[in-house]
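Following: one structure in structure tokens, then a few remarks.
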Amino acid sequence: MLSGLKILLAGRNPSKAREIAATMTPLGISVVSLDEIDPDGKILTPEETGDTCAENARAKANYYAAATGQPALADDSGLVVDALGGAPGVRSARFAQENFPPHASRADIDKANNAKLLGELSGIDEEKRTARFVCCLALSDGQNIIAEASGVLEGVIARKPRGHNGFGYDPLFFIPEMGRTTAELSAEKKNEISHRGLAVRKFAAMLKEMLEKDKNSCLK
């Protein structure tokens with residue numbers, strides 16, 4: 001059973017924390033945020049140097065688990081745009097870094113990133129605006145990665161923002177089958193179909209299997 005299990009969520013992105021918690025809580029997994037155990041911000045944010053989301057997720061999980069002494073689950077996500085050769089990819093959160101100050105608000109960062117994305121895709125035909133959200137999760141016990149999962153959501157980049165829900169590139173990420181951007185979906189619907197929701201559900205299933213096999217797991 002997963003009921004009562006607590007896992008530290010590595011990182012300080014409140015929007016990601018809400019999405020992950022919304023999927024995990026119904027499964028009986030409690031998510032403890034880094035801000036809860038380190039409200040003063042004494043644990044520094046590690047630099048993301050990986051070439052892939054999977055590499056960054058592993059590095060962050062190991063770092064935060066070692067720093068806190070608790071099993072840590074790290075998420076690294078990115079937007080992959082085919083017409084841009086896979087960019088912004090691992091640089092999704094800092095795609096337009098040159099256009100916002102070091103301590104810019106998350107809303108201003110999102111606005112700058114979306115504006116740069118639209119600029120880069122100016123003049124690109126609809127059929128070439130294909131893209132996907134990728135999410136990689138990694139769980140560390142402080143020494144080793146003990147579980148990993150990933151999820152993908154396919155779509156296209158819209159020509160202008162639509163919707164006010166979600167965060168990041170959600171206002172530009174259009175899902176043809178639904179006729180909406182992810183920013184036009186309710187939180188419940190987005191968690192149901194999103195790359196992060198898929199990855200979290202895969203992760204929970206793996207975690208349940210691990211705990212059933214290993215009665216002495218460090219996660220108990």
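Evaluating THR68 against the criteria (1) at pLDDT below 95; (2) out of contact with any Gly (no Cβ under 9 Å at 6 or more places or on another chain) leaves one unmet condition, (2). Of everything in region 54-86 that is of a type in the set (A, V, I, L, M) and over 17 Å from LEU8 (Cα atoms), the residue that is surrounded by the most Cβ atoms within 10 Å (Cβ to Cβ) is LEU79. Scanning region 113-147 for residues being buried (at least 18 other Cβ atoms within 10 Å of the Cβ), part of a strand (DSSP E or B) and of a type outside the set (Val, Ile, Thr) gives a total of 9.
Hey, does region 153-161 have a residue that's among the hydrophobic types (A, V, I, L, M, F, W, C) and in a helix (DSSP H, G or I)? Taking every residue of region 153-161 in turn, none turns out to be among the hydrophobic types (A, V, I, L, M, F, W, C) and in a helix (DSSP H, G or I). If you go through region 1-48 and keep only what is of a type in the set (S, T, N, Q) and either farther than 23 Å from LYS208 by Cα or at pLDDT 90 or above (or both), you end up with ASN13, SER15, THR45. Considering the conditions (1) in a loop (DSSP other than H, G, I, E, B); (2) of a type in the set (D, E, K, R); (3) crowded, with 18+ Cβ neighbours inside 10 Å, ASP110 is excluded by exactly one of them, (1).
Here's the yes/no breakdown for (1) among the basic types (Lys, Arg); (2) closer than 17 Å to ALA10 by Cβ; (3) at pLDDT 95 or above; (4) touching a Cys at 6+ places or on another chain (Cβ under 9 Å):
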site: ASP141; (1), (2), (3), (4): no, yes, no, yes
site: GLY151; (1), (2), (3), (4): no, no, yes, yes
site: ALA158; (1), (2), (3), (4): no, no, yes, no
site: THR181; (1), (2), (3), (4): no, no, yes, no
site: GLU184; (1), (2), (3), (4): no, no, yes, no
site: GLY197; (1), (2), (3), (4): no, no, no, yes
site: VAL200; (1), (2), (3), (4): no, yes, no, yes
site: LYS208; (1), (2), (3), (4): yes, no, no, no
site: LYS213; (1), (2), (3), (4): yes, no, no, no
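The values are calculated or read from the model by the stated rules, or taken from the named source; none is laboratory data. Small disclaimer: the values here were computed from a predicted structure and weren't measured. For neighbour counting, all protein chains shown are included, and Cβ atoms are generated from backbone atoms with ideal geometry for every residue, glycine included.
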